[in-house]
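To start, the structure itself, in structure tokens.
Please treat every number below as a calculation from the coordinates, not as lab data. As the structure is a prediction and not an experimental result, all values here were calculated from the model. Backbone-built Cβ (ideal geometry, glycine too); neighbour counts: all protein chains shown.
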Amino acid sequence: QQQVKQSPQSLIVQKGGISIINCAYENTAFDYFPWYQQFPGKGPALLIAIRPDVSEKKEGRFTISFNKSAKQFSLHIMDSQPGDSATYFCAASQMDSSYKLIFGSGTRLLVRP
Amino acid sequence: DSGVTQTPKHLITATGQRVTLRCSPRSGDLSVYWYQQSLDQGLQFLIQYYNGEERAKGNILERFSAQQFPDLHSELNLSSLELGDSALYFCASSVDVGGEQYFGPGTRLTVT
């Protein structure tokens with residue numbers, strides 16, 4: 001029940017296209033859903049996060065869509081650029097009890113020029 | 001740059017040895033979290049400290065221990081090292097008990 005399932009494992013998108021990464025969770029007590037971006041040799045960097053009281057959050061080219069009833073959330077990268085090529089992790093946590101982040105398995109994104 | 005610092009960047013040691021990884025949180029952050037990243041297990045939460053006190057524990061082995069000092073820096077101690085302990089170890093920090101977590105650059109541990 002603590003798992004977060006992420007798909008796809010890898011994704012290849014052409015420059016200018018839309019990258020979509022999906023995550024699903026089981027624990028309905030989760031109430032904080034961040035996305036992290038990780039470049040090789042670097043630590044995960046917080047990209048964008050959402051709480052379940054909203055269905056969508058947008059920051060620049062990055063959008064999180066959240067479906068509480070389906071227990072799913074996704075990251076959309078609009079106008080994908082080669083510089084977006086990285087590994088993306090979704091995560092979930094309960095902000096009022098254990099604050100540990102439960103991470104998805106990661107998606108390796110390659111944006112072709 | 002997240003403002004979280006970790007030392008050393010790389011560590012190579014032999015099986016059975018003991019190592020200490022160090023983390024300094026962002027200025028003003030009271031919580032420190034330790035995570036392990038390996039190819040087979042992904043990113044896994046180990047332990048959290050808040051203002052010097054242990055707050056939450058994850059899948060941390062008994063051979064591993066951590067502490068947070070009065071100046072809020074934290075150390076992760078790994079003992080009786082095994083080949084399977086080879087991984088990236090990340091420290092993250094947040095302002096309060098919960099909230100946005102910012103990760104450091106990590107320490108790559110290689111056990112030979």
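A compact table of results
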| quantity | calculated |
| --- | --- |
| Within chain B, longest stretch free of exposed trypsin sites (Lys or Arg not before Pro) [DSSP loop, at most 13 other beta carbons within 10 Å] | B:64-112 |
| 15 Å reach of a label modelled at B:T13, 7 Å along Cα-to-Cβ, counting backbone N of the range B:68-82 | B:75-82 |
| With eigenvalues of the C-alpha gyration tensor scaled by 5 and rooted, the protein assembly as shown, Å | 29, 20, 16 |
| Cα centroid of the range A:69-100 to Cα centroid of the range B:37-112, whole Å | 21 |
| Dipole axis of chain A (+1 Lys, Arg; -1 Asp, Glu on Cβ), positive-most option in A:Y36, A:A70, A:L110 | A:L110 |
| Near-label residues of the range A:1-37 by backbone N, under 14 Å of a point 7 Å along Cα→Cβ of A:Q72 | A:5-8, A:20-26 |
| Low-density loop positions, GluC sites (Glu not before Pro), the range B:26-64 - DSSP coil, at most 12 other Cβ in 10 Å | B:E62 |
| Rounded, prolate or oblate (a/c below 1.5 giving rounded, otherwise prolate when a/b exceeds b/c) for the range A:4-106 by Cα gyration tensor | prolate |
| Net charge of neighbours whose Cβ lies under 13 Å from the Cβ of A:K42, counting Lys and Arg as +1 and Asp and Glu as -1 | +1 |
| Assigned charges on the beta-carbon of Lys, Arg, Asp, Glu; the range A:4-106 dipole about Cα centre (debye) | 140 |
